Amino acid sequence: MQKKTKPKQPKKPKGKKPAQPQSRVARLRRWLFVALLKVVMWTSLVGLLIATGYVYYLDRHISKTFEGRRWSVPAQVYAQPLELYPGKKLTNAQLQAELRRLGYRQSADLKAPGAYQPIPGGVNVHLRGFAFMEATRPAMRVQLMFVGNRIQRMSTQGNPLDLVRLEPAVIGSFFPSHGEDRVILTPEQVPALLAAGLKAVEDRNFDEHKGFSLSGIARAALVNFRSGELQQGGSTLTQQLVKSYFLTNERTIQRKLRELAMAVILELRFSKEDLLTSYINEIFLGQNGARAIHGFGLGAQFYFNKPLNELPPDQIATLISIIRGPSYYNPFRYPQRTLGRRDRILDTFLQDGLISANTHTHAKSQPLGVVDSPNSGGAYYPAFMDLVRMELSQRYSASDLRSRGLRIFTTLRPRTQENAQQAVTSTLAAIEKERRLSEGELQASTIVTDTQTGEVLALVGGRRGRVDGFNRAINAKRPVGSVIKPLIVLTALENGFEWSSTLEDKNITITPANGEPWSPRNYDGKTRGELPMIKALALSLNLAIVDLGNRLGLNTVQRRFTDLLDYTPVNRYPSFFLGAEPMSPLRLSELYGNFASGGFRVPPKSVIAVLDERGNALSHHPFELEQTIEPDVAQSLTRGLEIVMQRGTGRTSPYAQQGVAGKTGTSNDNRDSWFAGFDASQLSVVWVGRDDNKPTGLTGTSGAMRIWNAMMRAEGANPLVIAPNENLIAIEYDTGLQATQMCADVVVLPIARPDTLGIKPGCKIKTSFGDRLRSIFSR
Amino acid sequence: MIRKNTVKDRFKDTIHNTKLLRGIYLFALTGILTACVSSGNVPVTERESGGDTTPRPSAPQTGESTEPAATLIKPPTNSAAQTLLARADTAIAEQQTDTAIVLLERAIRIEPREALLWIKLSKAHLIQGDDLTAFQHARKAIALAGSDRNKSAAAWLQLADVYQAQGKSADAQQIQRRYGRARG
């Protein structure tokens with residue numbers, strides 16, 4: 001109505017004497033018109049401002065996210081490389097297993113790196129190149145020949161080779177900023193077939209469109225309608241990329257519009273190549289426990305245990321299949337369904353001329369080819385990574401860690417790690433079965449270190465090693481029980497006691513100055529009277545050890561604890577002598593490192609060096625050691641711990657007689673079962689218990705030591721060597737008197753002052769002049 | 001518990017017959033030379049661009065000419081450790097001690113109880129001015145050398161070098177007198 005009258009309005013001013021009621025109506029109309037105009041103008045202005053603001057906000061938001069992800073190259077974490085040299089103890093089968101672990105494939109065609117071919121008595125390998133810490137080793141072909149369980153000789157192109165190493169396994173990659181796990185590729189590293197294939201399958205107009213594609217949506221709708229299943233999505237790659245940045249499941253128009261706006265913004269700001277590369281690095285490809293698999297680099301490792309550039313067309317097609325629905329097309333759970341989609345994608349590749357007809361036929365004849373289970377693809381050791389992160393945060397500033405493309409070299413030995421994990425899993429299952437415990441009741445953790453350097457070779461934080469969770473090896477502090485006893489014995493050896501010294505194994509009640517009276521008991525409740533220190537340690541007799549501790553003094557013993565570990569014990573009461581001191585397996589390993597290394601404090605260490613993008617060392621952590629025990633005393637303690645294995649609580653181990661040293665431990669009411677043991681090369685600490693801290697019924701021998709046995713079975717024992725200068729003397733096990741094998745049950749141990757030894761009557765031992773002389777010189 | 005500066009209690013196994021030893025050295029040297037001649041093929045090590053690319057004979061190249069005691073010491077038994085030790089020597093000669101340390105640590109992972117490797121590692125750290133690490137590594141070498149007199153002597157002399165660098169000349173000279181190396 002108003003509009004109709006509008007044309008009349010301009011005429012109004014012309015009328016000199018307009019009628020009063022008419023002019024009032026006209027004025028009202030004019031006023032209304034102006035008001036409306038103003039409202040419309042203001043609204044559009046405000047609307048425009050808000051829209052601009054929103055677009056600006058979206059732009060900031062998406063560009064920042066995009067830039068942030070694009071430029072943050074994650075830190076790569078490497079395990080120890082396997083060194084190969086003639087004489088090394090390694091079988092042909094073991095080497096091939098290592099190669100497969102690194103994703104080498106068996107093939108007669110060794111033209112490209114990453115392949116191996118068994119030959120009679122050996123193997124030919126085309127090693128991948130790798131930038132090691134001190135040098136870059138190009139890819140090379142190597143022949144290795146074996147004799148028995150050792151490498152006999154190695155050669156490259158006919159020339160003998162005396163040392164070569166496999167490239168280290170990537171055991172993790174994380175963004176120091178947001179902690180996620182990726183294998184980031186640069187545009188040059190993206191295989192051409194993947195780039196072209198993605199466009200062919202997911203977004204045909206990718207190279208032309210500006211972030212969205214109406215024809216794409218129409219075609220997808222048509223295809224889906226025809227096939228009756230969700231074959232194609234209408235989203236462009238750019239839209240999918242945006243979606244994966246802000247993963248939510250809400251399906252609203254609002255979200256769709258926002259996604260669309262962001263996609264358009266990204267298209268305006270960045271090149272197609274950047275967008276495609278980001279897509280390839282970002283897209284969600286599956287889930288394994290708490291671990292999300294993002295990006296094709298990690299996807300190739302997770303599903304095929306290979307670097308992306310080694311995937312054949314059929315496997316590239318499989319990865320592309322998964323994008324549409326990582327759980328629907330989960331190749332582990334629905335292999336047939338995934339295979340079907342893979343084949344349709346291969347058909348598309350053929351139609352688009354991306355692959356030849358021959359390749360197509362061959363690719364379609366291939367099985368899915370994924371690794372056996374989600375847990376076998378690529379090396380993923382979250383418990384060890386906890387230690388790495390802990391060490392990094394202790395040694396580096398946050399800004400150092402934020403620099404891009406760090407390479408972190410660690411001490412992990414994948415084979416040992418796998419063996420330790422397997423030992424934990426299988427032994428706990430066996431114990432639960434034997435004792436009719438409910439499945440999953442027991443927990444365990446273990447840490448394996450190199451005896452001489454303290455480098456952590458393996459770390460198991462719980463029975464489900466590939467699932468992130470509570471790390472019992474680092475964070476669970478439990479009373480250590482009798483595993484502490486070697487510390488008391490060490491203090492004794494340093495304070496004039498001998499293995500033969502007599503201790504009293506009898507009931508005692510101690511009332512500390514400001515504490516409750518304490519009456520310890522032996523594990524079996526019996527007392528044994530007088531016996532030598534070696535027997536007290538071997539049989540882990542509480543009363544005799546408390547007697548020894550009392551004679552040495554709690555302060556003296558605890559001072560030694562602090563010397564060896566660099567911290568003060570929590571428990572200031574004599575129950576400390578029996579291990580009423582909570583420690584983590586990691587800490588206990590540090591204590592035993594002093595013994596296993598021959599008297600040096602070698603704190604467990606997992607990071608060898610951190611290199612920046614250009615290969616310069618941000619830092620290199622040299623072998624860290626500090627002499628804490630005189631070498632001959634450390635040797636003597638080791639001999640005593642060998643007797644523990646041969647004759648004492650460790651004697652049921654199949655390795656008891658093979659030159660290994662160890663000590664069992666059991667905390668009150670069998671809540672914690674411990675074992676610490678070492679041979680010449682490896683120190684292991686094992687804990688078994690329950691997360692709710694209830695009794696398990698297991699002793700150190702029947703729990704933790706069994707896991708150690710299983711680890712030794714897989715790793716092989718490397719016997720301790722007795723140095724020729726040790727003053728070994730046979731003493732009677734029950735009395736500590738000098739004796740011979742002929743006249744008594746003896747153990748052979750170093751005795752610092754043989755002249756002080758009593759002699760067993762009837763053993764016909766004469767101290768010759770020479771012996772006496774030697775005893776003087778050996779002081 | 002460790003009396004770090006006391007050395008006199010460690011001298012017990014140094015008394016030896018020099019003439020006899022000289023004979024053993026000569027014998028060992030002859031053996032090594034024979035081994036060199038008989039090995040027709042020259043083994044190559046990993047070709048690493050940053051490292052030493054020239055093929056090197058497998059004969060031990062331990063020690064420097066200024067250290068007669070070290071020259072005649074039995075080399076590491078492991079050929080891979082020998083190779084790495086030789087490469088570390090080259091790196092030290094080229095003043096690339098960082099590289100030398102990486103190579104020696106690699107060698108120690110292969111043969112952790114070889115005193116010679118720890119002696120060399122101590123040297124490398126000393127060159128870098130890290131006398132505390134050098135000190136501990138020399139102690140480690142002494143502990144590992146055990147009753148091997150030559151290795152033990154070499155390890156003690158390395159400790160003397162550390163003392164020297166720390167300004168503890170008296171301690172250094174005491175060791176040097178005992179282990180028969182003229183100063184300078």
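The values are calculated or read from the model by the stated rules, or taken from the named source; none is laboratory data. Here the structure is a predicted model, which means the values were calculated and not measured. Counting neighbours? That spans all protein chains shown, and the Cβs are built from the backbone with ideal geometry, glycine included.
Taken over the range A:433-463, the residue count meeting the criterion of being away from every other protein chain (no Cβ under 14 Å) and either crowded, with 16+ Cβ neighbours inside 10 Å or closer than 24 Å to A:GLN80 by Cβ (or both) is 14.
Each residue in the range A:419-437 was checked for being of a type outside the set (A, V, I, L, M) and farther than 16 Å from A:ARG713 by Cβ, and 5 of them qualify. Summed over the range A:99-116, residues that are under 13 Å from A:LYS306 (Cα atoms) and either touching a Lys or Arg at 6+ places or on another chain (Cβ under 7 Å) or surrounded by 13 or more Cβ atoms within 10 Å (Cβ to Cβ) (or both) total 10. Selection of the range A:117-136 for residues being within 14 Å of chain B (Cβ to nearest Cβ), surrounded by 14 or more Cβ atoms within 10 Å (Cβ to Cβ) and under 20 Å from A:ARG100 (Cα atoms) yields A:VAL125, A:LEU127, A:ARG128, A:PHE130. The condition of being within 14 Å of chain B (Cβ to nearest Cβ) and under 28 Å from the mean Cα position of the chain (by Cα) holds for A:LEU683. Within the range A:605-642, the only residue that satisfies the criterion of being buried (at least 24 other Cβ atoms within 10 Å of the Cβ), part of a loop (DSSP other than H, G, I, E, B) and more than 12 Å from chain B (Cβ to nearest Cβ) is A:SER606.
Taking residues in the range B:96-107 that are at the interface with chain A (Cβ under 9 Å from one of its Cβ atoms), and partners anywhere that are in a loop (DSSP other than H, G, I, E, B), the pairs with Cβ atoms closer than 7 Å and at least 6 places apart or on different chains are B:THR99/A:GLU134; B:ILE101/A:PRO622; B:VAL102/A:MET133; B:VAL102/A:GLU134; B:LEU103/A:GLU134; B:GLU105/A:PHE623. Counting the residues of the range A:542-582 that are basic (Lys, Arg) and not in a helix (DSSP H, G or I) gives 1.
The helices (runs of 4 or more DSSP H) falling completely within the range B:124-184 that include 1 or more residues that are in contact with a strand residue (DSSP E or B) (Cβ under 8 Å, 6 or more places away or on another chain) and within 14 Å of another protein chain (Cβ to nearest Cβ) map to B:131-145. Counting only residues that are basic (Lys, Arg) and closer than 22 Å to A:LYS243 by Cα, the range A:283-308 holds 1 of them.
For (1) modelled with pLDDT under 75; (2) farther than 20 Å from A:VAL489 by Cβ; (3) out of contact with any Cys (no Cβ under 9 Å at 6 or more places or on another chain); (4) part of a loop (DSSP other than H, G, I, E, B), each residue gets a yes or a no:
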residue: A:ILE722; (1), (2), (3), (4): no, no, yes, yes
residue: A:GLU726; (1), (2), (3), (4): yes, no, yes, yes
residue: A:ILE729; (1), (2), (3), (4): no, no, yes, no
residue: A:ASP734; (1), (2), (3), (4): no, no, yes, yes
residue: A:GLN741; (1), (2), (3), (4): no, yes, yes, yes
residue: A:ALA744; (1), (2), (3), (4): no, yes, no, yes
residue: A:VAL747; (1), (2), (3), (4): no, no, yes, no
residue: A:ASP771; (1), (2), (3), (4): yes, yes, yes, no
residue: A:ARG774; (1), (2), (3), (4): yes, yes, yes, no
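Mind checking whether some residue in the range A:589-604 is among the polar types (S, T, N, Q), over 30 Å from B:ARG109 (Cα atoms) and outside any loop (DSSP other than H, G, I, E, B)? No, the conditions are met nowhere in the range A:589-604.
Residues are listed down the side, and each one gets a yes or a no for (1) in contact (Cβ under 8 Å) with a residue 40 or more places away in the chain; (2) under 11 Å from A:LEU166 (Cα atoms); (3) part of a strand (DSSP E or B); (4) touching a strand residue (DSSP E or B) at 6+ places or on another chain (Cβ under 7 Å):
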site: A:LEU110; (1), (2), (3), (4): no, no, no, yes
site: A:PRO113; (1), (2), (3), (4): no, no, no, yes
site: A:VAL123; (1), (2), (3), (4): no, no, yes, yes
site: A:HIS126; (1), (2), (3), (4): no, yes, yes, yes
site: A:MET133; (1), (2), (3), (4): yes, no, no, yes
site: A:ARG141; (1), (2), (3), (4): no, no, yes, yes
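Close contacts from the range A:59-78, counting a first residue that is among the basic types (Lys, Arg) and a second that is outside any loop (DSSP other than H, G, I, E, B) and modelled with pLDDT of 75 or more, with Cβ to Cβ under 6 Å and a gap of 6+ residues or different chains, come to A:ARG70/A:SER278.
Taking the range A:74-107, which residues are within 14 Å of another protein chain (Cβ to nearest Cβ) and of a type in the set (A, V, I, L, M, F, W, C)? Within the range A:74-107, A:ALA79, A:LEU82, A:LEU84, A:LEU90 qualify.
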